[in-house]
Amino acid sequence: MTAVEHPHVSSHPSAQFSATLRVHLENKPGVFAALAGVIAEQGGLLDAIDLVRVEKGTKVRDVTVLASDAEHMRLITEAAQALDDVFVEHVSDRTFLLHLGGKLEVVPKAPLKTRDDLSMAYTPGVARVSQAIADDPGKAWTLTIKQNTVAVVSDGSAVLGLGDVGPAAALPVMEGKAVLFKEFGGIDAFPICLDAHDPDEIVRIVTALAPVFGGVNLEDISSPRCFEIEGRLRETLDIPVFHDDQHGTAIVVLAGLINALRVVGKRLEAVRIVITGVGAAGIAVTKTLLAAGARDVVGCDRKGVVHAGRDDLDSVKREFVSLTNPRGITGSADDALEGADVFIGLSSPGAVSAEAIRTMAPGAVVFAMANPTPEVLPEEIEGDVAVIATGRSDYPNQINNVLAFPGVFRGALDVRASTINDEMELAAAHAIADVVDGTDLAPDYVIPSVFNRDVAKAVASAVSEAAVRTGVARKEGRS
């Protein structure tokens, strides 16, 4: 049976757009087959089928279906409702169900079952611990949650691809980030979504909250304010401050590129790199690539190549120009790709054309990371380039920040680092790259899976060693 064509439906149904349909089916042959048939006709995928109960003349089932987007799920549901012998009682969006009541909770580490327990965990015994910290503030690292706690801070101004949705709408994303910290780094992270956009106010609030935390992860704060906020907090605080949209992305891109260049037999210092997107991620990726040895990076924004002759550049892009485009090229992003070895997309769908990609040098590497739709679809350039990576989990070589930030903070916290510097970030990138064994390297395997548990351990170890080596560690190794 051929699936019905819908222009808005992609070819990749997934769990993020899945729902469970509670259906009442007439108890006669062919009814469920008819339901399965219309789901297939609409391009949906059956996932789970559970019998809830049997009633007189009907069977009640929960049928879980994967779709490509919310509109696709609506079409599937309407097709099911149109069947004569099927009654759809309700539809439960599985993603929304997962978020009911939030994704985090606070769980005590010590039991409170007796008066003695209470007198030690709280008054009067806790007063002695407070006095010990007052006498020696450094003891907060050993006697409180500070040693393993990170603040995940956002103002909701640049949330995923949604834009400025505000702090309340940012909260589910920051909760998710905290879950990833715990799952992959063993770190207790807490979401802090601020109803504030002014950099002065954000810096003041985070500075006031800092005594509780061993590190600060800035997230989804719009450019160019994110640069100022991170810079000022790094100057003010003696704990790591890390804007993941910048540095996490840069670390994982470098890791993937190290291995991609190994696959094609090229050296970072010899390749020509074109980047689309000169925002927080694009600028951070550029600086990290240059720190790692790249010499020829050209950045492009919506108006084309960022070059010294343009009179519309703000201070951030003027600084960017001073570091990049050594050949002084001009024109569009497509123009810049001719003869280039590497394309890194941190922008939007259609930022470059498939035709332009085909003008790149032999053995080209393409990292098209706009989400959910890459700058150029892998299917359009398959066979035309040597290595393709995206930000999506349904293609090979997913460039995902979760490969970096849990291990980076784990390593920094383990040695009580006062900051996260360039050397620590470069060490993290090489550690991620080295998780992929040289004998396993291939065009479709240049970056490890996000579920590879060796990644965070390797990154943490490399980051700790770099912190010690560069003099920003305040203790040796994890206690």
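The values are calculated or read from the model by the stated rules, or taken from the named source; none is laboratory data. Everything numeric here is computed off the predicted structure, so don't read it as measured data. Positions of Cβ are backbone-derived with ideal geometry, glycine not excepted, and every protein chain shown enters the neighbour counts. The protein model used for the area step is the full one, side chains on, heavy atoms only, and it has no ligands, DNA or RNA in it. Shrake-Rupley method; radii C 1.70, N 1.55, O 1.52, S 1.80 Å.
What to note about this one:
- Verdict on ASP47 being in contact with a Ser or Thr (Cβ under 9 Å, 6 or more places away or on another chain), at pLDDT below 95 and open to solvent by 60 Å² or more (accessible area, probe 1.4 Å): yes
- No other residue among ARG327, ARG302, ARG310 is within 27 Å of ILE258 (Cβ to Cβ) and not hydroxyl-bearing (Ser, Thr, Tyr) apart from ARG327.
- Of residues in the stretch 64-117 being small (Gly, Ala, Ser) and in a loop (DSSP other than H, G, I, E, B), the one surrounded by the most Cβ atoms within 10 Å (Cβ to Cβ): SER68
- Of residues in the stretch 428-455 being open to solvent by less than 20 Å² (accessible area, probe 1.4 Å) and assigned to a helix (DSSP H, G or I), the one farthest from VAL342 (Cα to Cα): VAL455
- Selected residue (criterion: surrounded by the fewest Cβ atoms within 10 Å (Cβ to Cβ)) from residues of the stretch 369-389 that are outside any loop (DSSP other than H, G, I, E, B) and touching a Pro at 6+ places or on another chain (Cβ under 7 Å): VAL387
Rundown of residues vs (1) of a type in the set (Gly, Ala, Ser); (2) open to solvent by 10 Å² or more (accessible area, probe 1.4 Å), yes/no style:
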| residue | (1), (2) |
| --- | --- |
| ALA291 | yes, yes |
| CYS300 | no, no |
| ARG310 | no, yes |
| PRO326 | no, yes |
| THR330 | no, yes |
| PHE343 | no, no |
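- For the stretch 213-224, the criterion of being closer than 23 Å to PHE451 by Cα, open to solvent by 30 Å² or more (accessible area, probe 1.4 Å), touching a helix residue (DSSP H, G or I) at 6+ places or on another chain (Cβ under 6 Å) and outside any loop (DSSP other than H, G, I, E, B) is met by no residue.
- Test result for LEU160, open to solvent by 20 Å² or more (accessible area, probe 1.4 Å) and either at pLDDT below 95 or more than 24 Å from GLY279 (Cα to Cα) (or both): yes
- Residues being open to solvent by 60 Å² or more (accessible area, probe 1.4 Å) and in contact with a Ser or Thr (Cβ under 6 Å, 6 or more places away or on another chain) - total across the stretch 345-367: 1
- Against the criterion of being more than 23 Å from HIS12 (Cα to Cα) and hydroxyl-bearing (Ser, Thr, Tyr), THR439 qualifies.
- Residue within the stretch 181-192 that is in contact with a helix residue (DSSP H, G or I) (Cβ under 7 Å, 6 or more places away or on another chain), buried (at least 20 other Cβ atoms within 10 Å of the Cβ), in a loop (DSSP other than H, G, I, E, B) and at pLDDT 95 or above present: yes
- VAL402 meets each of the listed conditions (1) at pLDDT below 95; (2) open to solvent by less than 60 Å² (accessible area, probe 1.4 Å); (3) within 15 Å of the chain's Cα centre (by Cα) apart from (1).
- Residue in the stretch 212-231 that is closer than 25 Å to PRO349 by Cα and among the small types (Gly, Ala, Ser) present: yes
- Residues in the stretch 21-37 that are open to solvent by 30 Å² or more (accessible area, probe 1.4 Å) and touching a residue at least 12 places away in the same chain (Cβ under 8 Å): ARG22, HIS24, GLU26, ASN27, LYS28, PHE32, ALA34.
- Exactly one residue among SER322, SER348, SER315 is within 29 Å of GLY383 (Cβ to Cβ) and among the polar types (S, T, N, Q), and that residue is SER348.
- The condition of being under 28 Å from ALA158 (Cβ atoms), at pLDDT below 95 and small (Gly, Ala, Ser) holds for only one of ALA281, ALA292, that being ALA281.
- Matching option when the condition is within 29 Å of GLY411 (Cα to Cα) and within 25 Å of the chain's Cα centre (by Cα), among LYS287, LYS317: LYS287
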